Amino acid sequence: MISQFTSSVVSNQKLGEKIFKLTLSSPYISKRAKPGNFVHIKVGSTYSPLLRRAFSVHNVDKQKGSFEVLLKVVGRGTGILSEKSPGDILDLLGPIGKGFSLPQEGKTVMLVAGGMGIAPLWFLLNNLIGKTDKEKLLFFSGAKTEKELLYCENLKDLGANLMVTTDDGSFGTKGLITDLFLKEIKGRKNDSSKLMVYSCGPPEMLKRMSEISKGYDLSCQISLEGNMACGVGACWGCPVKLENGWYKRVCVDGPVFDAREVVLE
Amino acid sequence: MVSGSSHLSVKIAGVEFSNPVLVASGTFGYGEEYESLFDLSKLGGIVTKSITLEPREGHPPPRTFETSCGMLNAIGLANVGVERFIKEKLPFLKSLKTRIIVNVAGSTVSEYEEVVKRLNRSKGIDMLEINISCPNVKEGGIAFGSKVKSAYECIKAVRKNSSYPIIAKLSPNVTDIVEVAHAVKKAGADAISLINTLVGMAVDVERRRPLLANITGGLSGPAIKPVALAMVWKVAKAVKVPVIGLGGIMNTEDALEFILAGASMIQVGTANFVDPQTSIKIVDGLSEYCKKKGIRKITDLVGKLKAD
Ligand SMILES: Cc1cc2nc3c(=O)[nH]c(=O)nc-3n(C[C@H](O)[C@H](O)[C@H](O)COP(=O)(O)OP(=O)(O)OC[C@H]3O[C@@H](n4cnc5c(N)ncnc54)[C@H](O)[C@@H]3O)c2cc1C
Ligand SMILES: Cc1cc2nc3c(=O)[nH]c(=O)nc-3n(C[C@H](O)[C@H](O)[C@H](O)COP(=O)(O)O)c2cc1C
């Protein structure tokens, strides 16, 4: 159930070039949020920026009653949020949306993150560790450059199951993460029904993931973004087109969709 | 049943409201979307998303874009259509202790008539708001509201068919709003609401493309408040019909400005996206204002702008 509440900033940590991790206190979110849910944050009290900004729940700490959002500064709203200090109060709506549905037992799980797409997948990964066989858990992480790669150190615990690309080759394989993913899928063509794929990243990447999923009939859940106004399903301002020609709302019908169901432009 | 402190109650076209604060069409869905966020019965009333005869899927994305102190939208009247509205959405609205105003749109006069006829048979509706002002669909909508003659004909046809009092919702995208207001009054409108959104657009200079797939959209939010206020003032002064004011109302002071300019009631639109509780904060704010200033009834303030 979506609720409106205030939350204080516990910490604000700079993780990289224009990338920040905000920890916010909220027992409500820490208890209720599921991987793939997001929060809608009121950035300030002035009329510019006016609308709330959406951020995936990046992780929760049930004991401390707090949760994290990972944000990249791309404009005014994210710029203002990146300057928040401990003790600052924010007005939030959340948790919003249908999250990822967790994999059935025995499936091989692949998480495919592009850039900031790691935000919701990190929460999902933390939910899977311990529940899913380590051998059956693969993490694909792609970024433009080494500087924009997040959590490589933490992810190394996954051992050989971590696959990394950078566009410029500054770390891991040079190229796109979707290419590396496709190679892996081709090698597993015969047991594609045993795979569960989860992905988040920039629009072009998710478009490619959708094409691959349709081509190989993969069970793949993607977390979408889009300009959003209300965030509660009322305004129909954030539609995604479906294969059947109709639309669904990214905010409450998503943001997680079956990659085979949507048509991305 | 409608309850509330009586100093805020208002009556227009024979319908009594517990307070003058409504939520605007298209910004509050079918009400159910906001159910978990506050007690909807505190509202004076809810205006639904525009309802058309058939379900509409709406325009391709992007449908919204934020601009300075406002936003553009080109939703394209996406809605469930009148049959599903009656079956799936109206029962919830009916269960609330607040007034329900169903907003109606169409591409032709006969589509408006048909929607109205089907709504006539349902219980639990208090009024209709006729959207002759949507800037985002090719036919209908604004095509009716931007010309005096077609606005008259559309409202006249709806008036003839409707068993409910009707509000004509006017477009600001006209040369002379007073002329249109006169026409819809003559056609039988029981009240007038204004304004719908102003036609606007935004451009991505990197990609040299419009930022809305529909190219143009409707501008709303605080950016349009001065325009809305001037239009409300002009219409309220010239036409003897209750006026419902909207456009950029964000707080109690904004609402009071519209009331002083001549609005009997107000609607909260884009502000619902910014803070879903804006409308009920305004209800409380108006109540406090009345107490503080020793005003017995909010209706005593309507049109009390000292402009001479
Ligand atoms: C469900 C959802 C989850 C998200 N999760 C995260 C997250 O975990 N971390 C993160 O950093 N960002 C996330 N985003 C994107 C984030 O909401 C936008 O980056 C933010 O709204 C931009 O605000 P701004 O004022 O800084 O930029 P603006 O000045 O508004 O715009 C700058 C640029 O960002 C683009 N943009 C604006 N709003 C959005 C949006 N809602 N989605 C995508 N692009 C947008 C604009 O087109 C423009 O190119 C998410 C978006 C959605 C819809
Ligand atoms: C996303 C959005 C959708 C809207 N949809 C409708 C609609 O379906 N019918 C209608 O009459 N007005 C619609 N409107 C217009 C509003 O009801 C209102 O007239 C306008 O936004 C100005 O008020 P505001 O500045 O308070 O939002 C819509 C506005 C927005 C922002």
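The values are calculated or read from the model by the stated rules, or taken from the named source; none is laboratory data. Since the model is a prediction, treat every value here as computed from it, not as a measurement. Here the Cβ is made from the backbone with ideal geometry for all residues, glycine too, and neighbour counts use every protein chain on show.
Is segment B:41-56 home to any residue that is touching a Ser or Thr at 6+ places or on another chain (Cβ under 7 Å), surrounded by fewer than 22 Cβ atoms within 10 Å (Cβ to Cβ) and of a type outside the set (Gly, Ala, Ser)?
Checked against the condition, which is being touching a Ser or Thr at 6+ places or on another chain (Cβ under 7 Å), surrounded by fewer than 22 Cβ atoms within 10 Å (Cβ to Cβ) and of a type outside the set (Gly, Ala, Ser), segment B:41-56 yields no hits at all.
Within segment B:251-308, which residues are touching a Cys at 6+ places or on another chain (Cβ under 9 Å), part of a loop (DSSP other than H, G, I, E, B) and more than 14 Å from chain A (Cβ to nearest Cβ)?
B:Arg296, B:Lys297
Take the residues in segment B:242-289 that are buried (at least 24 other Cβ atoms within 10 Å of the Cβ) and aromatic (Phe, Trp, Tyr), then tell me which one is farthest from ligand 1 (Cβ to nearest atom).
So the residue we want is B:Phe258.
If you scan segment B:53-65, which residues turn out to be in a loop (DSSP other than H, G, I, E, B) and either out of contact with any helix residue (DSSP H, G or I) (no Cβ under 6 Å at 6 or more places or on another chain) or within 24 Å of B:Glu16 (Cα to Cα) (or both)?
Those that are in a loop (DSSP other than H, G, I, E, B) and either out of contact with any helix residue (DSSP H, G or I) (no Cβ under 6 Å at 6 or more places or on another chain) or within 24 Å of B:Glu16 (Cα to Cα) (or both): B:Glu57, B:Gly58, B:His59, B:Pro60, B:Pro61, B:Pro62, B:Arg63.
Determine whether B:Ser122 is farther than 16 Å from B:Ala151 by Cα, hydroxyl-bearing (Ser, Thr, Tyr) and outside any helix (DSSP H, G or I).
Judged against the criteria, B:Ser122 is a match.
Sort out for me the strands (runs of 3 or more DSSP E) sitting completely within segment B:143-241 that have 1 or more residues that are surrounded by 24 or more Cβ atoms within 10 Å (Cβ to Cβ).
Once the strands (runs of 3 or more DSSP E) in segment B:143-241 are filtered for at least 1 residues that are surrounded by 24 or more Cβ atoms within 10 Å (Cβ to Cβ), what remains is B:166-169, B:191-194, B:216-220.
Evaluate the following for A:Val74: is it part of a loop (DSSP other than H, G, I, E, B) and either more than 30 Å from A:Leu162 (Cβ to Cβ) or not assigned by TED's automatic domain parsing to the domain that holds A:Pro202 (or both)?
So A:Val74 fits the description; yes.
Limited to segment B:71-96, what total is found for residues that are closer than 24 Å to B:Leu43 by Cα, among the polar types (S, T, N, Q) and touching a residue at least 12 places away in the same chain (Cβ under 8 Å)?
1
Report yes if B:Val116 is away from ligand 1 (no atom under 16 Å from the Cβ), within 21 Å of B:Met265 (Cα to Cα), buried (at least 23 other Cβ atoms within 10 Å of the Cβ) and more than 14 Å from every other protein chain (Cβ to nearest Cβ), otherwise no.
no
Picking from A:Leu15, A:Leu51, which residue would you name as being out of contact with any Ser or Thr (no Cβ under 8 Å at 6 or more places or on another chain), of a type in the set (A, V, I, L, M, F, W, C), over 22 Å from A:Gly99 (Cα atoms) and within 16 Å of ligand 2 (Cβ to nearest atom)?
Answer to the check: A:Leu51.
Being assigned to a loop (DSSP other than H, G, I, E, B) and either facing chain A (nearest Cβ under 7 Å) or among the polar types (S, T, N, Q) (or both) is the filter here, so list the residues in segment B:29-52 that pass it.
Hits for segment B:29-52 are B:Gly29, B:Ser36, B:Leu37, B:Thr48, B:Ser50, B:Thr52.
Filter segment A:196-255 down to the residues that are more than 8 Å from chain B (Cβ to nearest Cβ), aliphatic (A, V, I, L, M) and away from ligand 1 (no atom under 12 Å from the Cβ) and list them by number.
Matches in segment A:196-255: A:Met196, A:Val197, A:Met205, A:Met209, A:Ile212, A:Leu218, A:Leu242.
Residue-wise test of (1) farther than 26 Å from B:Gln277 by Cα; (2) within 14 Å of chain B (Cβ to nearest Cβ); (3) near ligand 1 (Cβ under 9 Å from one of its atoms).
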site	(1), (2), (3)
A:Ser30	no, no, no
A:Pro35	yes, no, no
A:Phe38	no, no, yes
A:Gly44	no, yes, no
A:Val60	yes, no, no
A:Phe67	no, no, no
A:Thr78	no, yes, yes
A:Lys84	no, no, no
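So how many residues does segment A:46-58 have that are closer than 21 Å to A:Ala229 by Cβ and either near ligand 1 (Cβ under 6 Å from one of its atoms) or more than 14 Å from chain B (Cβ to nearest Cβ) (or both)?
6
Over 26 Å from B:Val274 (Cβ atoms), modelled with pLDDT of 95 or more and in contact with a strand residue (DSSP E or B) (Cβ under 9 Å, 6 or more places away or on another chain): which single residue out of B:Phe85, B:Phe65 fits that description?
B:Phe85
Considering segment A:256-265 alone, what residues qualify as being more than 14 Å from chain B (Cβ to nearest Cβ) and crowded, with 20+ Cβ neighbours inside 10 Å?
A:Val256, A:Ala259, listed by residue number.
If you go through segment A:227-260 one residue at a time, how many are away from ligand 2 (no atom under 14 Å from the Cβ) and part of a loop (DSSP other than H, G, I, E, B)?
The qualifying residues number 10.
Going residue by residue through segment A:42-54, is there one that turns out to be under 19 Å from the mean Cα position of the chain (by Cα) and part of a strand (DSSP E or B)?
Yes.
Six or more apart or on different chains, Cβ under 7 Å: which pairs go from a residue in segment B:8-23 that's under 22 Å from B:Gly247 (Cα atoms) and crowded, with 20+ Cβ neighbours inside 10 Å to one that's modelled with pLDDT under 95 and not small (Gly, Ala, Ser)? Could you list them?
If the second residue must be modelled with pLDDT under 95 and not small (Gly, Ala, Ser), the pairs left are B:Phe17/B:Val2; B:Ser18/B:Val2.
Test of understanding: among A:Leu150, A:Leu90, A:Leu138, which residue is within 15 Å of ligand 1 (Cβ to nearest atom), touching a residue at least 40 places away in the same chain (Cβ under 8 Å) and away from chain B (no Cβ under 14 Å)?
A:Leu150
Being facing another protein chain (nearest Cβ under 10 Å) and among the basic types (Lys, Arg) is the requirement here; does A:Lys186 meet it?
No: the conditions fail for A:Lys186.
Suppose the filter is in a strand (DSSP E or B), surrounded by fewer than 18 Cβ atoms within 10 Å (Cβ to Cβ) and within 12 Å of ligand 1 (Cβ to nearest atom); does A:Leu15 pass it?
yes
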